[in-house]
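Written below as structure tokens is the structure these notes are about.
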Amino acid sequence: MAPVLQLDHLSKVYKNGRGARSITFSVEPGQVVGLLGPNGSGKTTIMKVVAGLARPTDGSALVFGHDVVAEREPALAGVGALIEQPALYENLTAWDHLAMAARYYPGVDGARMDRVLELVGLARYKKEKCGRFSLGMKQRMGLALALLSDPALLVLDEPTNGLDIEATVEVREIIIRLAREKETAFLVASHLASEIEKMCTHVLVLHEGEMLSFATKEEALRLHPTLEDYFLARVRDKKGSVLL
Amino acid sequence: MQPFVANLKNELFKLSRRKKYIVFLILGALVCVGSALRVLAADLILDEALPRELLVGGLTGENLLFLLLLFLPLMALMGCCDLFAGEQADHTLRFSLMRPVGKGKLFFSKAAAVFLLCLFDLVVLLAVSAAAQLIMGGGSQGIARSVASGLLDLVPLAVLILFFCLVNQLVKGSGLAVLACLAAYVALVVVGTYVPAAGGLLFTGYLRWHNLWVGVTLPFKAMLTRIGILAGYGLVFGSCGYLLFDRKEA
């Protein structure tokens, strides 16, 4: 099966020296790849490049075979993203946001907009301005915008940030269901290993901008009881090799 | 073309939802009508009883100067700063950067949206001026010519919009962008006014370029040079602005 996303020695280094270096992995349809790493490990940087928000300093990121820099339009046509805080205009309503986003995707109509609002639990608030939304509601709105075009690849950076327990479970269920039923591929970042463990099929461990490992969840859990232990073991391996 | 049109519609929608543009348009209309009322009031106080046609006969043409040198550049400046530096500062630029639309289309659709905003304001304020002139007994003299002049002056205004778009790529923060655009515009107008030699070379010197088109015979050769200068400025501002925008990250 052709990969939905293919990163080949992708590097994005900022002026302060932070970022991600030489990241290589691919994501196939239906896979949920969890990016695991502490703050500043390069999770968001990788996602920004895939979502078209940042330019790589080296290497390439291909979405459906299209380079995200050189072929932006075909590459981003099948990508939905929620990176850091959702990009919302305070003076516009939830419906306005969806209507604006829908203009970029010819197949998206009012029924689909209602459907995603229903899915994230914002149907009652569609005529309300986003400036009045709580943090959790803004996060739900960001999810609705990411889901709107029914993309084949969803890039979600801390998707449950600011959500209550019930909504966190709902989001997790949405991710698992879409991956199973529609073969949607996911790139999900979290600094919580337990959250990644509950939804991912693959796990990518990042530390200080370096990729330490990429494995299936089963492989990771074969030798370690939890993904948290797996992550700590990978970090210890790296530090040990540096000391040697 | 579809992504360009989609983004253009979105930019226009965003501008239409900002109340300040409506407020400024109303203020502009009040200034246009007020300038006629001022003349009529002065006439009344001085008890001159001059014919109305003499007093407000050239109202539309007189208002054109205010529109071209002050009102429309201000609208262009605010529109550019809202759609570029403003969105960069509050991270809403991501909304369109994450969509399947090329950065070139994004950049130029934003500039086109500001241009259409200026066109709309110009048409409304010329209509208000013309209506005021007719209602106050100034007759219809000069209205058609003023409208044609105003539309002709949209060409240098488009270059000014591209200039503001470029300035917005050079500074960070919406406040600083407004300040930088305003300072640059005032400086260019002042230099163009007080240094005649530079006036012909600066694009701001052409903001009332309908004056160049007025005459018994059109000075075609001289016009060609000026059109070339203006087109050159437009190309430089447009391409430099796009190149900087293309490197922008959100």
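The values are calculated or read from the model by the stated rules, or taken from the named source; none is laboratory data. Remember, it's a predicted structure, so these values are computed and weren't measured experimentally. FYI the Cβ positions are ideal-geometry reconstructions off the backbone, even for glycines, and counts take in every protein chain you see.
Within region B:137-156, the set of residues being crowded, with 24+ Cβ neighbours inside 10 Å and out of contact with any Asp or Glu (no Cβ under 9 Å at 6 or more places or on another chain) comprises just one member, B:G150.
A quick yes/no check of all residues on (1) modelled with pLDDT of 85 or more; (2) farther than 28 Å from B:V189 by Cβ:
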| residue | (1), (2) |
| --- | --- |
| B:V31 | yes, no |
| B:S35 | no, no |
| B:R38 | no, no |
| B:A49 | no, yes |
| B:E53 | no, yes |
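Residues that are at pLDDT below 90: which strands (runs of 3 or more DSSP E) entirely in region A:126-244 hold 1 or more of them?
Numbers: elements: A:153-157, A:185-190, A:202-207, A:210-216.
Strands (runs of 3 or more DSSP E) meeting the threshold: A:185-190.
If you check B:L176, B:L244, B:L160, B:L207 for being within 30 Å of A:R55 (Cα to Cα), under 19 Å from the mean Cα position of the chain (by Cα) and either of a type outside the set (G, A, S) or more than 14 Å from chain A (Cβ to nearest Cβ) (or both), only one passes: B:L160. The set of residues in region A:183-227 that are buried (at least 18 other Cβ atoms within 10 Å of the Cβ) and of a type in the set (V, I, T) comprises A:T184, A:V188, A:I196, A:T201, A:V203, A:V205.
Please verify whether B:L97 is within 14 Å of chain A (Cβ to nearest Cβ), closer than 30 Å to A:V79 by Cβ, under 24 Å from the mean Cα position of the chain (by Cα) and not acidic (D, E), treating the condition exactly as stated. Reasoning before the result, please.
Working: within 14 Å of chain A (Cβ to nearest Cβ): yes; closer than 30 Å to A:V79 by Cβ: yes; under 24 Å from the mean Cα position of the chain (by Cα): no; not acidic (D, E): yes.
No, not satisfied.
Contact map, region B:167-188: first residue more than 21 Å from B:G199 (Cα to Cα), second residue acidic (D, E) and not in a helix (DSSP H, G or I), Cβ cut-off under 9 Å, separation 6 or more or different chains; pairs are B:S174/B:D90. Residues of region A:142-191 that are β-branched (V, I, T) and touching a residue at least 40 places away in the same chain (Cβ under 8 Å): A:V155, A:I174, A:I175, A:I176, A:T184, A:V188.
Kindly evaluate A:E181 against the criterion of being under 21 Å from A:R115 (Cβ atoms) and acidic (D, E). Show your work before the answer.
Working: under 21 Å from A:R115 (Cβ atoms): yes; acidic (D, E): yes.
Yes, satisfied.
The set of residues from region A:21-60 being within 14 Å of chain B (Cβ to nearest Cβ), buried (at least 22 other Cβ atoms within 10 Å of the Cβ) and of a type outside the set (V, I, T) comprises A:M47, A:K48, A:A51, A:G52, A:L53, A:A54, A:P56. Looking across region A:188-239, the residues that are among the small types (G, A, S) and over 24 Å from A:H9 (Cα atoms) come down to A:A193, A:S194.
Tell me yes or no: at least one residue of region A:82-95 is away from chain B (no Cβ under 14 Å) and under 23 Å from B:L106 (Cα atoms). Looking for residues that are away from chain B (no Cβ under 14 Å) and under 23 Å from B:L106 (Cα atoms), one finds none in region A:82-95, hence no. Restricting region B:1-37 to residues that are over 22 Å from B:L122 (Cβ atoms) and part of a helix (DSSP H, G or I), the residue that is farthest from the other protein chains (Cβ to nearest Cβ) is B:F4.
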